[in-house]
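Here is the structure we will look at.
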Amino acid sequence: MARYERPDWDQYFLKMARLAATRATCPRRRVGAVLVRDHRVLATGYNGAIRGAPHCDDVGCLLVIRDGRETCERTVHAELNAIIQCALNGVSSRHSTMYCTDFPCVSCAKAMVQAGVERVVYLADYPDPNSIEILRAGGIQLEKAEEPKF
């Protein structure tokens, strides 16, 4: 009889982040995030428009050039949405781990430091050289993970 292999905690929560990303509504980058403490999900997030506003999938991206890169201003990033969910529901994100499909941008990195996130586990790199500096300055442990097996 074949032995069932349970995913470890990181793989488990990265699978959840992948699932959250399926809800993302910006076609430029579909990102998911899961905020966890003590192996318990505190909040999830995906990138999409602000509450009640049209999504990029429906009306197109609101593009601007920032730091030489084209970025969408319509969407709230997955990591920030997870942090905001905690705030909205009165749940502390202190001492938590953020599982993300993509390495966080500099704005999300700053929010994570301020929200008390201690560890970030991510799957794909993101082209923002400043975010790693912010995360390191904030004492956040960074781990690039392998794609979860499904």
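Quick notes on this structure:
- The accessible surface of the chain, taken with every protein chain in place and a 1.4 Å probe, is 50 percent carbon and sulfur.
- Built from the Cα atoms of the chain, the convex hull projects on average onto 9.9 nm², one quarter of its surface area.
- Cβ distances below 4.7 Å define possible disulfide partners, and in the chain the cysteines left without one are Cys86, Cys100, Cys105, Cys108.
- For the chain, the longest principal axis of the C-alpha atoms and the axis of helix 9-21 are separated by about 30°.
- Sites excluded, GluC sites (Glu not before Pro) in DSSP loops with at most 14 other C-beta within 10 Å, longest stretch of the chain: 74-145
- Taking the chain as a Gaussian network of alpha-carbon nodes connected by springs under 10 Å, the highest mean-square fluctuation of the residues Arg94, Arg66, Arg119 belongs to Arg66.
- For the chain, the solvent-accessible area of protein heavy atoms averages 59 Å² per residue (probe radius 1.4 Å; ligands and nucleic acids excluded).
- Relative contact order (%) - region 33-117, alpha-carbon pairs under 8 angstrom, separation at least six: 35 percent
- The calculated pair-distance distribution of region 1-82 uses every alpha carbon pair, bins of 10 angstrom beginning at 0, and gives 18, 39, 25, 13, 4, 1 percent.
- Contact order normalised by residue count of the chain, Cα under 8 Å, 6+ apart, percent: 21 percent
- Our helix-only sum for the chain, with -39,500 (n - 2.57) per DSSP H run of n ≥ 4 divided by its residues, gives a mean residue ellipticity at 222 nm of -9500 deg cm²/dmol.
- The aspartates and glutamates within cross-link reach of Lys144, meaning a Cα-to-Cα straight distance under 17 Å and a gap of 8 or more places when in the same chain, are Asp8, Asp10, Glu79, Asp102, Glu118, Asp125, Asp128, Glu133.
- Legend: Rg and Dmax of region 73-133, from Cα coordinates, 11.2, 32 Å.
- Label point of Arg28 set 7 angstrom out along Cα-Cβ; within region 67-103, amide nitrogens under 14 Å from it belong to 67-78.
- Our note on the geometry: Cα centres of region 124-150 and region 47-113, 15 Å apart.
The values are calculated or read from the model by the stated rules, or taken from the named source; none is laboratory data. Keep in mind it's a predicted model, so treat the numbers as computed, not measured. So basically every Cβ, Gly included, is an ideal-geometry build from the backbone, and we count neighbours across all protein chains shown. When the accessible area is computed, the model is the full protein with side chains, heavy atoms only, and any ligands, DNA or RNA have been set aside. Shrake-Rupley method; radii C 1.70, N 1.55, O 1.52, S 1.80 Å.
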